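K.L.:
For reference, the structure I am asking about is given below.
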Amino acid sequence: MNLSRIVAGLALAFSLAAQASPQERPVGQAEQVFAFGGAMPTGVSVAESGRIFVNFPQWGDDVPFGVGEIRDGRLVPYPGIDANRSFASVQSVVADGQGMLWVLDTAAPGFAAPKPGGPKLVGIDLKTDQVARTVVFPANVILPTTYVNDVRFDHRTGTAYVTDSSLSGPGAIIVLDLVSGKAVRRLSGHVSTSPDPAFVPVVEGEIMKVRNADGSSQPFTVASDGIALSADGATLYYSPLSSRHLYSVPTALLRDPAVSETQLAAAVKDLGEKGASDGLEADADGAVYASDYEHNSIRKRAPDGSWSTLASDSRLLWPDTLSIGPDDYLYFTANQLHRQAGFHGGKDQREKPYGLYRVKINAKPAY
């Protein structure tokens, strides 16, 4: 027996074992802005003043307040704890660039049927920090399956565009006149607002589906979710969560009651695949941004239609809502939505804290 050869072989084996294995390379520089140790956040919005607001839906966590502001390194209820008591379940907060923070209340805790007369937009004046307006969605646009998800505002026309991201009914774009309070469902059940029947999401290497404690399972399907408005207000971008396609439609046609659903559908553009995304956002230069929850990434669509990856990082577990600040950063939440108990047989696999991140984009908000 050649003992020296055995020793040399073992030394080589241990040396190879000690070397680090190849790992996925991160892309870009995602900077953590805040860590959430309590309820999971969904929405974030950075106002024109730089103030940062976040929200927490009633999805089963202990939610002491639905809307908060990150102020001096702390999370505080906004505009106060009393005002928060009037919110049933907040899905989104959006600063409109006109001095108002809008709170989108689904009135559907746990994705239940929305409470009659409950879904609403609440406008908070950012100068006075007081509720200035409450706009209740009329009954004609709220179905028993409706889940109002995200919203964009056009101050030039006094219009709010809202996605219905129903889990079991038709998706739609709800067009709300903020002056009259009247609203209409557009593209309800259209392919562009509906889950892609061939879509199979794979997150952290696992097919994402609803997994029940009894071992049964079913597909997780979500209709129109992300939404973004071009800087000139002429084009609305949107996407179902259960899809990899980005769609657009002229807003003038959405608002025009003389335009039939057939005519409107003919004007919808399929802009191709972008990855599976939750939130969308647009900047002042014509770019569109999308989260990519299958790849822990943030992606950018340039005005010429080409895509690039701005950030890809193992920390970005389910990047959700996007918001551009006046500091030329794109802010976004990462909330581990796919690790919730409903997707894992009743076992919550989320690991706190959840994160708020930002990445430099050198562009201003579209508003």
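Derivation of every value follows stated rules applied to the coordinates shown; laboratory data play no part. In this text the structure is predicted, and so the values were computed from the model without any measurement. Every residue, glycine among them, receives a Cβ derived from its backbone with ideal geometry; neighbour counts consider all protein chains shown.
K.L.:
Take the chain, connect every pair of alpha-carbon atoms lying under 10 Å apart with a spring to form a Gaussian network, then pick out the residue of A231, A287, A302 with the largest mean-square fluctuation.
P.N.:
Result for the chain, Cα springs under 10 Å: A302 fluctuates most.
K.L.:
Tell me the trypsin sites (Lys or Arg not before Pro) within the range 151-192 that lie in a loop according to DSSP and have at most 13 other beta-carbon atoms within 10 Å.
P.N.:
When the trypsin sites (Lys or Arg not before Pro) of the range 151-192 are filtered for loop state and at most 13 Cβ neighbours within 10 Å, R156, K182 remain.
K.L.:
Continuing with this model, one more query. First select every other residue whose beta carbon is under 12 angstrom from the beta carbon of H295; then total the charges, Lys and Arg +1, Asp and Glu -1.
P.N.:
For residues surrounding H295, the net value is -2.
K.L.:
Determine, from the Cβ-Cβ distance of S216 and E31 and an R0 of 35 Å, the FRET efficiency 1/(1 + (r/R0)^6), rounded to the nearest 0.05.
P.N.:
Between S216 and E31 the formula returns 0.25.
K.L.:
Report the FRET efficiency, 1/(1 + (r/R0)^6), for A112 and A198, where r is their Cβ-Cβ distance and R0 is 22 Å, rounded to 0.05.
P.N.:
In this case the efficiency is close to 0.15.
K.L.:
Shifting gears a bit: Does the range 170-254 classify as rounded, prolate or oblate by the C-alpha gyration tensor (a ≥ b ≥ c root eigenvalues; a/c under 1.5 gives rounded; else a/b over b/c gives prolate, otherwise oblate)? Mind showing how you got there, number by number?
P.N.:
On the way: a/c = 2.99, a/b = 2.09, b/c = 1.43.
Prolate, because a/c is 1.5 or more and a/b exceeds b/c.
K.L.:
A further question follows. Check the straight Cα-Cα distances from K115 and name the lysines below 22 Å, setting aside those fewer than 8 residues away within the same chain.
P.N.:
K182
K.L.:
On to the next question. How tilted is helix 3-18 with respect to the longest principal axis of the chain? Cα atoms for both, answer in degrees (0 to 90, nearest 10).
P.N.:
10 degrees
K.L.:
While we're looking at this one, here's another question. Provide the gained length on full extension for the span T128 to D304, in nm with one decimal, where the gain is 0.36 nm per separating residue minus the Cα-Cα distance.
P.N.:
The T128-D304 span can extend by a further 59.2 nm.
K.L.:
Now, a different point. To the nearest 0.05, what FRET efficiency results for E24 and S49 with a Förster distance of 41 Å applied to their C-beta separation?
P.N.:
So, using R0 = 41 Å, E works out to roughly 0.65.
K.L.:
For the chain, what is the relative contact order in percent, using Cα pairs closer than 8 Å and at least 6 residues apart in sequence?
P.N.:
Averaging sequence separation for qualifying contacts and normalising by length gives 15 percent for the chain.
K.L.:
Something else now. Can you compute the equivalent ellipsoid semi-axes for the chain, i.e. the square root of 5 times each eigenvalue of the Cα gyration tensor, sorted largest first and rounded to whole Å?
P.N.:
Taking √(5λ) for each eigenvalue gives 38, 23, 22 Å, largest first.
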